[in-house]
Amino acid sequence: MRYCSDVDTARPRTRVLITLLVFVLPMLLGNWALLVRYRADLRWESRQAASNTLGLMETMLAHAEQANDQALPFLGKPCTEAMPTLRSLVAMVPFVRSVNLSQGDSIYCTSQFGLREIPYVADAYSQGRLRLMEGNLVRRQHPLLSVRAASPRGAVLTVIDGDYLSFMLNFNHRAMPIMLRVGDSWLDEEGHFFAAEPPLASQDHVRLQAAGYSISIYAGYSSQPTLLGMWRHRDFGIWLLLGFCAGFAAIMWWLLGRPRSPTSELARALRAKEFVPYLQPLVESGSERIMGVEVLMRWQHPDVGLIRPDLFIPQAEACGLIVPMTSLIMGEVGLRLAAEQERLPDGFHVGFNISAAHCRDDSLLEDCRRFLAHFVPGKVTLVLELTERELLVADPHTLALFQALDELGVKLAMDDFGTGHSSLVYLQQFHVDYLKIDQSFIARIGTESLSEHIVDNVIDLGHRLGLALVAEGVETREQAEYLEGKVTYLQGYLFGRPVPVRQFCDEQLGREGLPATGVKEALLEPA
Ligand code: C2E
Ligand code: CA
Ligand code: CA
């Protein structure tokens, strides 16, 4: 039978674990989502920067091409004739630093120096059109970009100054690495020239290629595309996520800790096996030897501690959980006492309190059979205690069950005798074997003569019914002496309080055979 979910969320460890999960899982998921978003943003930002830069680059190239177009007609003409036009192109066309005319392997006319013989290598131009150089004869460490336009009469070379290129690369004002690549040469945003591939090419970057030119713009990321980088640059989002997860975890902590319905709390405790059996000795009147025990249920609650049965048994009876709870402690006691059975006297009484609801359930018979199966035959006498306050309905089903219990050798005790209204017919119908005189009568012994008469009447009634009597709640020696010869068994704090099974086995069975009074001192300590 299942009463609610299988996870026991009231256990402190489970509660902590679930709360941690509720915190950690969204935190991980949120961080992952933020990281994906952060990387997409970095990429978008770099793409924007690369695109802007490439746009500028194409504008510069268009101007250089324009200068080339205007200088081309002068190829082959004397330098002196070309010079004014070349110089005016430098002055008029934006970004142009010099315009040069070449034939064969040399430049023969420059806008800067006029007629000059400067060697140049046409093959060094990427696709015959562009060359990024570290410097020239005039300024060796000052990069420049040469744009070549060839014709059958030679080639025009228009040079764009490296400062313009650096300006263009810095145009986005973002703290991101950005580079221009022309053929196999590179230029960074600070104007540094690289003849080989720089580190940026192997890192995360965006690359845009110019249409029709062997020119690319490489834009890296303005910050590290890692979790650490995100924590540094997206701290607001992280704090927001942290606050959200912490709030969520706090709500979960509160939800798991809030009081549940008594029934679901009992169901949880049952699954967690928090109901434990305590044993109280039953002694023979006169000899005061331990002849058996009554099993009394306790709830070992993880937060509250030990809970008395009268605080939870009524609720357990009302919701039907008393049946599996009783099965649980019967199984537990069976196992524990079976391990000690050679130390038990033969016919050792083991009494369980059974509520009326249980008597309508066929599982009771099976529970009793399973309990007795732990012991060698005759070692224990299983007694079911039924309270007189809760009379059973003698319907055919219940009577058949009690008949079967009787055949199994199970004895019945009428608990709290004297407080209810059981008739002789009733006691005979159910084959009751013992009457347990309620402790309220025993407490009256030695008080005043009128009360003692009441006790005597109850004892007398029990005798007349011909049943064995058990006096409950014997607390004083005076009570024990008064009851001697009148009842068969005594039970009460005078002989021992209810204690856990292990403690009972260690302290009581170790002294089995001794009068129980010999151990009462040790057991008078609170259970
Ligand atoms: P009960 O069956 O009448 O059990 C006797 C009660 O008297 C026990 O209380 C026991 O600890 C207490 N007692 C024993 N000797 C003395 C004494 O000398 N002086 C005083 N003042 N009290 C004494 P406990 O264990 O608190 O149990 C209370 C009731 O809860 C039980 O009364 C029984 O009706 C019920 N109960 C306990 N365990 C179970 C169980 O497993 N199933 C069911 N259905 N009811 C149970
Ligand atoms: Ca009882
Ligand atoms: Ca009782």
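The values are calculated or read from the model by the stated rules, or taken from the named source; none is laboratory data. The structure displayed is predicted, hence computed values, not measured ones. For neighbour counting, all protein chains shown are included, and Cβ atoms are generated from backbone atoms with ideal geometry for every residue, glycine included. These area figures cover heavy atoms from the full protein model, side chains too; ligands, DNA and RNA do not enter into them. Shrake-Rupley method; radii C 1.70, N 1.55, O 1.52, S 1.80 Å.
Results, tabulated for the structure shown:
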{"quantity": "Per-selection metrics, the stretch 67-156 (Cα): Rg and Dmax in Å", "calculated": "12.1, 33"}
{"quantity": "Folded to 0 to 90 degrees: helix 363-372 orientation relative to the chain principal axis, Cα", "calculated": "80 degrees"}
{"quantity": "Probe 1.4 Å, protein heavy atoms only - accessible area per residue of the stretch 92-155 in square angstrom", "calculated": "52 Å²"}
{"quantity": "The chain, relative contact order in percent, only Cα pairs under 8 angstrom and at least six apart counted", "calculated": "11 percent"}
{"quantity": "Proximal charge balance of residue 416 [Cβ under 11 Å; K/R count +1, D/E count -1]", "calculated": "-4"}
{"quantity": "Radius of gyration, Dmax [the stretch 105-193; alpha carbons; angstrom]", "calculated": "14.2, 46"}
{"quantity": "Kirkwood-based Rg to Rh ratio, the chain, C-alpha trace", "calculated": "1.57"}
{"quantity": "Three principal axis lengths of the stretch 269-523 [C-alpha, angstrom, descending]", "calculated": "49, 43, 39"}
{"quantity": "Global size of the stretch 17-220 as Cα Rg and Dmax, reported in angstrom", "calculated": "22.2, 90"}
{"quantity": "Gap separating the Cα centres of the stretch 121-197 and the stretch 236-254, nearest whole Å", "calculated": "53 Å"}
{"quantity": "The stretch 155-243, Cα convex hull volume normalised per residue, Å³", "calculated": "117 Å³"}
{"quantity": "Counting DSSP beta bridges with both ends in the chain, the antiparallel % (nearest 5)", "calculated": "70 percent"}
{"quantity": "Residue-by-residue Karplus 3J(HN,Hα) for the stretch 249-264, coefficients 6.51, -1.76, 1.60, Hz, glycine and proline x", "calculated": "5, 5, 5, 5, 4, 5, 4, 5, x, 6, x, 9, 5, x, 5, 5"}
{"quantity": "Between helix 79-92 and the chain: long-axis angle, C-alpha atoms, 0 to 90°, nearest 10", "calculated": "40 degrees"}
{"quantity": "On Cα atoms only, tilt of 322-338 relative to the major axis of the chain in degrees", "calculated": "80 degrees"}
{"quantity": "Length gained when the stretch residue 440-residue 113 is fully extended (0.36 nm per residue, less Cα-Cα span)", "calculated": "104.9 nm"}
{"quantity": "DSSP beta bridge pairing in the stretch 269-523, given as percent antiparallel to the nearest 5", "calculated": "40 percent"}
{"quantity": "Proximal aspartates and glutamates to residue 273, defined as alpha-carbon separation beneath 18 angstrom and excluding residues fewer than eight positions away on the same chain", "calculated": "6, 8, 265, 303, 317, 332, 367"}
{"quantity": "Set of aspartates and glutamates near residue 486 by C-alpha distance (under 12 Å), chain-local residues within fewer than 8 positions excluded", "calculated": "284, 456, 460"}
{"quantity": "Base-10 log of normalised Debye intensity for the stretch 349-480 (one unit scatterer per alpha-carbon) at q = 0.19 Å⁻¹", "calculated": "-1.07"}
{"quantity": "Pair residue 51, residue 123: separation of 7 Å Cα→Cβ label points (nm)", "calculated": "4.1 nm"}
